[in-house]
Structure formats: C-alpha cells, structure tokens
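Take a look at the structure below.
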Amino acid sequence: MVGAGIVGCALAAFLAEGGASVVLVERDEVASGASGRNSGLVQHPMEAELVPLFAETVGHYRDLGEHGFAFPATPSDVLVLAGDPAELADELALLRREFPELRAEALAPGEPARLEPAVAPELAGMRMETGYTVPPAAATRAFAARARAAGARVVTGSDAALEDGVLRVAGAPVPAGSVVVATGPWTPALLDPSGAWRPIVARWGVVAELRLPAAPRRSLEEAGVEMLLAPGADLPPLFSLVTAGGVSSLGSTFLARRPDPDSTVPQLVARGARFVPAVADAPVGPVRSCARPVSQDGRPLLGRAPGHDGVYVAAGHGPWGISLGPASARRVADLVLRDDAVDLPAAFDPARFGPLPA
C-alpha cells in the first residue's frame, strides 16, 4: 500500500483483516494530506452512483469506536444559504426528486437565522438532513490503528516509486504480490512518471480555524459551492463553515495553483462575514492547506491500474474523501483479496481514462 490517507489506511486495515501481509508506506505521516486537513464534514455526495459508497462509509465509521473514533449518532444538518430563495429553487427540486432521503426543505428569508442565530438575518436557505461533523484527521488515524492491530506495518517518512510493477521504498525493492496506490492527487505521477496519464489533478484547499462565541450547530455553506468543482474553474473562495468540538473550520477553495494560505485567510473571512457576521471579529487559529484529488469526471478511480498486472488504484475522490473513502477501500480490498470474484462499477474503472503508457 502507498499512501496513508483515509483510503490507504482503511485499505490497509481491510487487507490485513482479510489475511494479507500488508506494508503501508507514506512519505510524510498518517493523515498529512487532505484526509487530515479537510473541514471535518462527512456528508451525502448528491450523486446517485456515489450514494452507496456514502451509506457504507457511515457504517464503517460506526465500527471504529474501539480504535478511538467517535462517530455522531445523527447528522447535524447542512444549511445552504442564499440572499434570494430563487437561487435555490432548481437545486431544491432536484434534491427532492432524486434524493428524498435528504428531506430537503426550503427556508424563507429569516428562517436560517431562527435555526442558527449566528446567520445574517436577511438570508434565505435550504436545509438538508445530512452532515456528520468529525475532527478532520480522527478517522484516518483510527483506521491506521485498526490496520496495525490487524498486523499491518505502517512505514512513514519514506518515499515510494513504482518501476515496472516493482515497488521501491527509499530506493530498495519491496517484494509484493500486489501494489495498491492511494496517494490522492499524486497517484498519476506515481503510476506514470512520464506525465501522459493524468486523470486526477490537484485542487488546492485552504481552511482557517475559528472560535466563534456562539458557533452554529449545523454546517453552513453558500449556494453555488459546487461550481468550485467545475472543470477549469479557479474561482475566488466561497463560504462554508463546519463546527466540530467547538472549533469552526472556514472555507472553501478549490484552486488550480497552490496558494499562500495566510494571504487567502482575509478572503475567507471577508466572504464568511457576509453569512455569519461574527466571523469578521473571530480570532483566527491554525490554517490548513491541502491538495484535493479531483478526477476528470468527478468520480473516484477504483480498481486495476490499466495495463499493469498486480497494481491497483484507489484515488480521485475530490471533496468526498472522508465521506466515501472507507467504502471505496473495502471494494478495492475485496478485489485484491478475491481477484476476479469482484466486479466494480464501470463508472469507477481507472481504465475509463485509457491505458497507462507501457
């Protein structure tokens, strides 16, 4: 295994529990990337092909209690905010039609502030029954502990390279019957150093921690956050606010170029204050920055690396890493352990982007 994010650590646990001898290699430390620097929100992905991964992932998190991870019993809700209710009409209709389990409901101007007094009083919105808030790195570290308990060896601070199907760690070959690459946005470069195969790109996120005097219980975001994921988009920050353990994480950005986190914070604060006025005066704590692995079609790559026997891919979850990662890991683990007895949906097949160069 290469990559100790949420997908890699869950994979290591499932493989070790399935009887495999597992070595998990990470160049930094466990949860050093997006899996430990996200906003801490596990939520419904609002895409039909991804919903089964989300539902299964919630179940996996509920099984992590003995490894020090406490998952909320119920969702805290997500409020989508807008100045004009008409901005949300189309999305509300789609959610009611396609995802009734979200119980999406319209909120007239002033109603979001009645639910969450920190919200600006003039705003309208939409409520969705989803959103489990967790400390950002907690689930990844719990899966790493579970992997170790099952016998996996976790090696951090070591670079890995894949040459002709042979994994090299710190320059030395590591004998392996199978190699699974789960290195997020760096997955294509590890599989194809030539640069010809690039179905996943890095989109940079910056999150600032705040301590608000009366933090919202529900997670908040402004209408149109999904536009940040549009191909070629490099938009200014939009607003999101997720509170877990008394700490609020303020975002959101999906930037094509690596930003200077400190210079991005004033933009986040200015945007956030439009929706939650107290953000303007709140002390800013640590700032997190990470590269999210966004695939060309917005769906993860799960399965055999095209044209490379014994090599597997588990990456490309975009903003949904902690929401979908464990279920994705379980599917790839089953494929590694049982080979042709497992079929993954074609929508996730890495081969949909063509073969890797020979």
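The values are calculated or read from the model by the stated rules, or taken from the named source; none is laboratory data. Keep in mind the model is a prediction, meaning the values are calculated, not measured. Virtual Cβ from ideal backbone geometry, glycine too; neighbours counted across all protein chains shown.
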Review point. Residue check: is Arg97 basic (Lys, Arg), out of contact with any Pro (no Cβ under 7 Å at 6 or more places or on another chain) and either crowded, with 24+ Cβ neighbours inside 10 Å or assigned by TED's automatic domain parsing to the domain that holds Ala161 (or both)?
Key: no
Point to revise | Which listed residue is small (Gly, Ala, Ser) and closer than 29 Å to Ala31 by Cβ, from Ala89, Ala70, Ala93 | key: Ala70
**Study point:** Qualifying residue in the stretch 122-145 (condition: at pLDDT 95 or above, in contact with a His (Cβ under 7 Å, 6 or more places away or on another chain), surrounded by fewer than 22 Cβ atoms within 10 Å (Cβ to Cβ) and among the hydrophobic types (A, V, I, L, M, F, W, C))
**Key:** yes
Study note, to complete from the structure: Inside the stretch 150-199, the number of residues satisfying the requirement of being farther than 24 Å from Ala16 by Cα, free of Cβ contacts under 8 Å to residues at least 24 places away in the same chain and of a type in the set (A, V, I, L, M) is 1
Revision key, fill the gap. The strands (runs of 3 or more DSSP E) lying wholly within the stretch 218-335 that contain at least 3 residues that are surrounded by fewer than 20 Cβ atoms within 10 Å (Cβ to Cβ) and touching a strand residue (DSSP E or B) at 6+ places or on another chain (Cβ under 8 Å) are 284-295
Point to revise | Subset of the stretch 336-354 (residues that are over 21 Å from the mean Cα position of the chain (by Cα), at pLDDT 90 or above and not in a helix (DSSP H, G or I)) | key: Gly354
Revision key, fill the gap. The residue from Ala12, Ala16 that alone is outside the structural domain of Thr243 (by TED's automatic domain parsing), more than 30 Å from Arg103 (Cβ to Cβ) and surrounded by 24 or more Cβ atoms within 10 Å (Cβ to Cβ) is Ala12
Practice item. Give the residues of the stretch 44-70 that are acidic (Asp, Glu), within 30 Å of Ala346 (Cα to Cα) and assigned to a helix (DSSP H, G or I), sorted by residue number. Key: Glu49, Glu56
